[in-house]
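The values are calculated or read from the model by the stated rules, or taken from the named source; none is laboratory data. Bear in mind the structure is a predicted one, so any value in this text is a computation, not a measurement. Ideal geometry is used to build each Cβ from the backbone, glycine not excepted, and the neighbour counts take in all protein chains shown. Note: areas computed on protein heavy atoms with side chains; ligands, DNA, RNA excluded. Shrake-Rupley method; radii C 1.70, N 1.55, O 1.52, S 1.80 Å.
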Amino acid sequence: MGIFSRLFGANSSTTKPRAAVQSSSGGVVISSPEQLEEAIRGANVSASGAVVNDASAMRQAAVFACVRIRSGVPANMPLHIKRRIDGRTREDATEHPLWTIFRRKPNGWQTPSQFKRTMQAWLLLRGNAYARIVWSRGKVIGLLPLHPDRVTPVQLDDMSVVYEYTPRNGRKVRLAQSDVFHLVGLSLDGVTGVSVITYARETIGLSMTMENHGASVFRNAARASHALRHPRELSPDARDHLKASLDEYRAGGANEGKILVLEEGMEVSQLSMSHEDAQWLESRKFSRTDIAMFFGVPPHMIGDTEKSTSWGSGIIEQTQGFIAFTSEDDLTTWEDAIGARLVRDDEPDIYARFNRSALVRGDLKSRYEAHSLGRQMGVLSANDVRALEDMNPVEGGDVYENPMITPNKETQQ
C-alpha cells in the first residue's frame, strides 16, 4: 500500500484504474489514491518505461561521473573574498565574515568543500540550489543548505521573489529574497533553473532500460553456451557417459584445444548471445556520450575514449574546452550569486573570486611553466610565485624583473 493509499484510506478502491479522467479544462481529475500515485510516477517515466529522477539517474555510471566531476571543480577550488583598493590594486579581505564562511566553516556540520559540492550537485540535478542565510547584526554568519524539493520560488507582482520553504513538520515558511542564497542554472523564466534530469530523461531512461536488459540477458540467457541434440532418446547410462566425457573435455589441461568428437549423429546448437545479439552494447555507448553532452563533460573524462586519442593534444584540447565553457560557467554562477545575495550594498568594493590557477594544481610542469612565463614578463615576482605555491616569502623576492636576463654590472656602476 502506497503512502497516498494510507492517506486516503485503504478501502478507497479495490481495482487499480488504468488512467485518470481528463477534464475539459485540460487538467487531470484524481478520483482515487491509486490515480494520484500513478500520475506522480508518470511525471518521471520516460518513453522507455524507466522511472527517471535524481536518485535513479545517479545510479547510472555516466550521470554519476558527470555530477562528480562538475561538482568537484568549485568544491576543490579555493574561493577568495577580495577587496578593491583602487582601479589596479586588490587584496584579500581576510577579516570579512564571508572569508570565514567559504574558507573555514559555512555552518555547524559542513566544511567549505562539502557545502560547495552539495550545492553544485543540487544545481546540476535540480537546476537550483538554495541555502538559508543566517544574519547577525548585518553580517552573514552561516549558510544552511535547503533541499530543492522543499523550496518553491514565487515571483510577486512587484517582480520581487520570495521563497516558500516546507520543513519536515509540514508547515510552510515564507522567506524573503534577502534570506536565501540561490544558485540558478540555465533558466527559461529568469527565476528558476531547469533540471538536466528533466530534459535528459529520455536519454537516461534509455540507458537504464538497456542496462536492465543486459543484466537480464546475462542472468537468464548467457550461462549455457551450447546444447547437444541427439536424434534419438538417450538411456540413463548413455547420458551419464556423455556427461562424463564433456566434463573431461571442459577440464582443460592436456585436453585444451582438442576437437570434440560427437557420435550417433549428435548436433551442436548455440544458446548464448551471438555477436548480433550483443549489438545493444553499441547503443549503450551512444547513450553514455549523449549523457555527457547534456552535462557539458567531454566523453573522455567519464572513461569514453573510443572516438578520441587516449593521450595527447586531442585530450588536452577537450579538457581546456571543459575548463573554458563548462567549469567557467559554474564558477561565474557562484561568484555572481555571492555578490548579489551575500555582499551588502554598502560594500561595493567586496567581491568573490575563485582561484582559477588551482585548475592546474595537479600538473606540476604546466604550473611551473606558467610561473616562469610570469617572471619573464615581469608580472610575477619570486615572492608572488612562492605565495601561489603556499611558501613563505624570501628576502629580495619582491623585485619584478626577468630572471633570465643577467644585469650589466658596468652599467649599474
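Quick notes
- Largest to smallest accessible area among Trp334, Trp122 [probe 1.4 Å]: Trp122, Trp334
- Residue order for Tyr165, Tyr130 - accessible surface, 1.4 angstrom probe, largest first: Tyr165, Tyr130
- Fraction of accessible area attributable to carbon and sulfur, region 69-200 (%, probe 1.4 Å): 48
- Unit charges at the beta carbon, dipole of region 61-103: most positive-side option, Ala93, Gly72, Ala61: Ala61
- In order along region 331-336, phi translates into HN-Hα couplings of 5, 5, 4, 5, 4, 5 Hz, rounded to whole numbers, per the Karplus curve 6.51 cos²θ - 1.76 cosθ + 1.60 with θ = phi - 60° and x for Gly and Pro.
- Ranked order, Met404, Met119 - accessible area, probe 1.4 Å, largest first: Met404, Met119
- Rounded to the nearest whole Hz, the Karplus-based 3J(HN,Hα) values (6.51 cos²θ - 1.76 cosθ + 1.60, θ = phi - 60°) of region 55-64 follow the sequence 6, 5, 5, 5, 7, 7, 4, 5, 5, 4, with x at glycine and proline.
- Of the trypsin sites (Lys or Arg not before Pro) in region 71-101, those whose Cβ has at most 10 other Cβ within 10 Å and which sit in DSSP loop: Arg88
- Averaging Cα coordinates gives a centre for region 64-142 and one for region 362-402; these two points are 27 Å apart.
- Cross-link pairs beyond the 20 Å C-alpha cut-off, checked among Lys105/Lys139; Lys82/Lys105; Lys116/Lys172: Lys116/Lys172
- Along region 102-109 the Karplus relation, 6.51 cos²θ - 1.76 cosθ + 1.60 evaluated at θ = phi - 60°, assigns HN-Hα couplings of 9, 10, 10, 7, x, 7, x, 9 Hz to successive residues, with x for each Gly and Pro.
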